[in-house]
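Take a look at the structure below.
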């Protein structure tokens, strides 16, 4: 493979990467600098993102280009603009109107997502047959016991006494095994991110640099 | 075509061809029959007339596909479902016409009165099914399928019976969700009302809560401070509110015992609320003079910088007890690790499941998920929180019961009960 | 404070250096360990493999640069797989912090690797705000929320979108998700519209998706870099001519092996020290 | 007016998608479903940008008062202005000739490496937390550790070298005990979220009014 000298982009990215890594030693001015650039750029990015991907194609172009058919887009336009009145203290209360519509809609959608999309199918997923051969039945039993005991552990209306005490304990054990799995996966996830950065530094920046300097 | 039966505007193939969805079609037909009789007779008569007309138009056909049209059930009356036989035995082509494997087909549609067919879409013959959308429920439509043989030109199937899309009143397949919504709503509202009326609602003690007093006591004995971290997000997050509820309780204890308390914040709004709560608690405990604003400080909004400087506080001041309650992200492991290394009693709690492993491993007591909310309800006795926790509990019992019944049903092979939960 | 206790309190930065070196070495000199295939990944691969040329899938880029190392390899190999099979890919993005740019970068990579054509073999429809709203709207008509693609070309003028109006015309939706958006593909899109959904997730959220997969709400899960490396392996086995292309997840798994062993060593060593300390303190008392 | 109108609006807005979900009438579908979804994409876009005003205010304030670290506020504002103008007056992706638009260039070489590196720091923290905080101090912690070790061995290529059953054991844990516990958590969390939704839908809880 032809190795080209790192371009200006790679140099900038490598510098910022090293700045961020310097936080591991201790908080320092290079880290603060890189972080400030990042914060500024990310807010700028949001503006461009919203304008290019949503506001332009979904609002301005249809509204101003085809007002006859798309006049109803005035409603979300107004509701959107009203949101910003919260920065004018005297009119801040008006912005609550569109905030109310916004929150209301998502709350309604969320209710259905949770009940129809999670609780019903997850409950159904636990209704497993217990007559499907020894090993599959055993596996099904593990799932059923796990779900039931965890739900009982999270049951607050009666104290964990009598039969509930050992049941809730089993629930905790299931939770702990699951947290263990979670931990194992978290390690993999975090290490992946490090691999990504080191691969960039080594393969996109340092390696071409070394090859360039010593003629490969 | 005479074998097809017409029932109030829907074409039902009389058991021929697409046998797989006959049950569905019959159900759709029965549903339609439930509509008012007058309407049915009128529409039936109209369509019978239409069928006669289309029979006349359909005359020049090249091959037969057993084309059937039906209304799409539980919709707003803007789509029809076209189905045809994918069985090669049914597909009788005119002599000389050769097709490639699974050829592309052109679905053509016209309103009944119109002269020309218009393309409605393309698919392949093996699909067996096509959904035509954005139709007008006041019109009735006929369909035919076109094929392009390799030899060129176009050959057409028979023309389907006429059908018009019908709007439905209720999506019958979502009745399970309706039951869930009504049940959940009813239970939560009922318990909140009961709590407001002052009904005594029992909630069990949460184990972490019992340890708070002990931790504060130990800090007092050792003469060291207590560090309370209320998560890193704003007060709009329920977990933050729950954490602040517990902060009120902790602050009251430290006021009584005369122990030092420090609350570093990552969010300015949370800081304002936390300061108010601590101040209030000190007044209620009769020690307003012991409160000073520096107890509740704002550090910085940045996740890692915040974690870094709170770890710094831990290492420098060596607090005897550390509370990590609320919404946490990746900084959970930094904070709990440092706390563990200085030997403090740590009480943690979050509903962020991915962060729980770190708390469980590094802290002495951890409130898992919902326990955080229950703990705050237990301490605050706020009827809103108390009532909704009871409502959730009641729903939990219903779900547990359903699961147990479902397991029995699945085992005896009665799948109807199980399948009801996700009827689509 | 005894010696074991002191060892437990060593400066964090020493551990940092060990991890750094452990990760760096296999990157510079790869080991090349074999990848084991797990059923959840196989399920997704088989589903795509069973499709016919001309079928279409939706690939949602719901992640940002911070999870690129985990999810980019999945995107690459799914795109290559689809390109090889002649399956149309409709790219969308619902994650604000960089999703659309991740999609742009992956499609550019596909262009270089396999000479795929924008608008003919695939399309990148870009990003929309407020995820559940566009997800719902696409069940009715994709064009109503995505009137044009990421470059501003109108929906009706894009050849690959011919005949595709809503989820009904798609075989599968795959979300490569870093956050809660992946769950919405399951509890909203799959639950309300019935389209098959597969998930490529960060390792951190993988354990949760197993519950959805076991309840048949998702056809399969690709969990973290491991899931990515498995898909890379499956594609490479099925299409040997793709073997020359980069397989960053498979390479990454080498590093994972080393760093995991380092961390496992730390856990075990830490616990031994912990027990020794406890014994010593008890002895001293 | 200041309180009643938003409460009414929120309750109405929350019921519309629920009504459209159950009742497929053409008019309901058009206005409560199609149009509302299209509108919400736009409103969400405006809402997403709300924080920018505060960010600019806070940083301008810092610079004007010459507060500690004000120079970093200047950096934030300048880089914000550059990126925002690239977005407002440019496009995303690549040009016809294969070069990147400035908006995408800055994203790829400044935003992406910074975001990725800040999160990659966690790999180091996870290692040190594993060493210093993961203790077999009781039954729960021990189970957690055993689960973690099996998954860690089972998920790396090295695990299969120890014994071929290790990856299978990890997969079994994921599919059964783990999935069961996660399911319990999912159901519990969904109940919590649903009850929150219901409280908003009947107007008991009003997050849109600021502090209640």
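The values are calculated or read from the model by the stated rules, or taken from the named source; none is laboratory data. These figures come from a predicted structure and were not determined experimentally. Virtual Cβ from ideal backbone geometry, glycine too; neighbours counted across all protein chains shown.
Assess whether residue D:169 counts as being within 8 Å of chain A (Cβ to nearest Cβ) and in a helix (DSSP H, G or I). Against the criterion (within 8 Å of chain A (Cβ to nearest Cβ) and in a helix (DSSP H, G or I)), residue D:169 does not qualify. Any chance the range A:47-62 includes a residue that's farther than 22 Å from residue D:93 by Cα, within 9 Å of chain D (Cβ to nearest Cβ) and within 27 Å of the chain's Cα centre (by Cα)? Checked against the condition, which is being farther than 22 Å from residue D:93 by Cα, within 9 Å of chain D (Cβ to nearest Cβ) and within 27 Å of the chain's Cα centre (by Cα), the range A:47-62 yields no hits at all. The combined condition, being assigned to a helix (DSSP H, G or I), out of contact with any strand residue (DSSP E or B) (no Cβ under 9 Å at 6 or more places or on another chain) and either modelled with pLDDT under 90 or surrounded by fewer than 23 Cβ atoms within 10 Å (Cβ to Cβ) (or both), is fulfilled by residue D:149.
Residues in the range B:131-146 that are surrounded by 13 or more Cβ atoms within 10 Å (Cβ to Cβ) and facing chain C (nearest Cβ under 10 Å): B:131, B:133. Among the conditions (1) within 7 Å of another protein chain (Cβ to nearest Cβ); (2) at pLDDT 90 or above; (3) surrounded by fewer than 19 Cβ atoms within 10 Å (Cβ to Cβ), residue D:106 misses just one, which is (3). Condition first: within 16 Å of residue D:113 (Cβ to Cβ) and either within 22 Å of the chain's Cα centre (by Cα) or more than 7 Å from chain D (Cβ to nearest Cβ) (or both). Now tell me which residues in the range A:23-35 satisfy that. Answer for the range A:23-35, where residues must be within 16 Å of residue D:113 (Cβ to Cβ) and either within 22 Å of the chain's Cα centre (by Cα) or more than 7 Å from chain D (Cβ to nearest Cβ) (or both): A:30, A:31, A:35.
Considering the range B:101-206, the qualifying strands (runs of 3 or more DSSP E), each wholly inside and each with 1 or more residues that are over 14 Å from residue B:83 (Cα atoms), run over B:104-111, B:118-124, B:141-147. Counting only helices (runs of 4 or more DSSP H) that sit completely within the range C:9-97, those holding 3 or more residues that are within 12 Å of chain A (Cβ to nearest Cβ) correspond to C:12-28, C:68-85.
Per the conditions (1) more than 14 Å from chain A (Cβ to nearest Cβ); (2) surrounded by fewer than 21 Cβ atoms within 10 Å (Cβ to Cβ); (3) touching a helix residue (DSSP H, G or I) at 6+ places or on another chain (Cβ under 8 Å), the sole criterion not satisfied by residue C:235 is (2). Looking across B:343, B:416, one residue alone is more than 8 Å from chain A (Cβ to nearest Cβ), modelled with pLDDT under 95 and either in contact with a strand residue (DSSP E or B) (Cβ under 6 Å, 6 or more places away or on another chain) or not in a helix (DSSP H, G or I) (or both). It is B:343.
State whether the residues of the range B:282-296 include one that is under 19 Å from residue B:219 (Cβ atoms) and either at the interface with chain D (Cβ under 10 Å from one of its Cβ atoms) or assigned to a strand (DSSP E or B) (or both). Within the range B:282-296 (the criterion being under 19 Å from residue B:219 (Cβ atoms) and either at the interface with chain D (Cβ under 10 Å from one of its Cβ atoms) or assigned to a strand (DSSP E or B) (or both)), the answer is yes, since at least one residue qualifies. Whether a residue is farther than 24 Å from residue C:71 by Cβ and either within 7 Å of chain A (Cβ to nearest Cβ) or surrounded by 23 or more Cβ atoms within 10 Å (Cβ to Cβ) (or both) was assessed, and residue D:122 does not pass this test. Considering only the range D:34-49, state which residues are under 26 Å from residue B:133 (Cα atoms) and within 7 Å of chain C (Cβ to nearest Cβ). Within the range D:34-49, D:34, D:37, D:38, D:40, D:41 meet the criteria.
Residue C:136 meets the conditions (1) free of Cβ contacts under 8 Å to residues at least 60 places away in the same chain; (2) in contact with a strand residue (DSSP E or B) (Cβ under 6 Å, 6 or more places away or on another chain) in every case but one. The failed one is (2).
Yes or no, residue by residue, for (1) touching a strand residue (DSSP E or B) at 6+ places or on another chain (Cβ under 8 Å); (2) surrounded by 16 or more Cβ atoms within 10 Å (Cβ to Cβ); (3) at pLDDT 90 or above; (4) within 7 Å of another protein chain (Cβ to nearest Cβ):
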position: B:148; (1), (2), (3), (4): yes, no, no, no
position: B:154; (1), (2), (3), (4): yes, no, no, no
position: B:179; (1), (2), (3), (4): no, no, yes, no
position: B:188; (1), (2), (3), (4): no, yes, yes, yes
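Could you list all residues from the range B:231-242 that are in a loop (DSSP other than H, G, I, E, B) and within 14 Å of chain D (Cβ to nearest Cβ)? If the condition is that a residue be in a loop (DSSP other than H, G, I, E, B) and within 14 Å of chain D (Cβ to nearest Cβ), then B:233, B:234, B:235, B:236, B:237 are the ones that fit. Checking C:177, C:191 one by one, the residue that is facing chain A (nearest Cβ under 10 Å) and within 24 Å of residue A:112 (Cα to Cα) is C:191 and no other.
Among all residues of the range B:214-230, there is at least one that is crowded, with 23+ Cβ neighbours inside 10 Å, part of a loop (DSSP other than H, G, I, E, B) and assigned by TED's automatic domain parsing to the domain that holds residue B:296.
Just to be sure, is residue C:152 assigned by TED's automatic domain parsing to the domain that holds residue C:51 and surrounded by fewer than 19 Cβ atoms within 10 Å (Cβ to Cβ)? Criteria met by residue C:152. Where helices (runs of 4 or more DSSP H) fall entirely within the range A:118-215, those with at least 1 residues that are at the interface with chain D (Cβ under 9 Å from one of its Cβ atoms) and touching a residue at least 12 places away in the same chain (Cβ under 8 Å) are at A:120-126, A:134-153, A:164-199.
Do you know which residues across the range C:251-285 are more than 9 Å from chain D (Cβ to nearest Cβ) and closer than 16 Å to residue C:34 by Cα? C:251, C:252, C:255, listed by residue number.
When B:311, B:332 are checked against the criterion of being touching a helix residue (DSSP H, G or I) at 6+ places or on another chain (Cβ under 8 Å), surrounded by 23 or more Cβ atoms within 10 Å (Cβ to Cβ) and assigned by TED's automatic domain parsing to the domain that holds residue B:349, B:332 stands alone in meeting it.
Looking across D:17, D:24, one residue alone is over 21 Å from residue D:207 (Cβ atoms) and at the interface with another protein chain (Cβ under 7 Å from one of its Cβ atoms). It is D:24.
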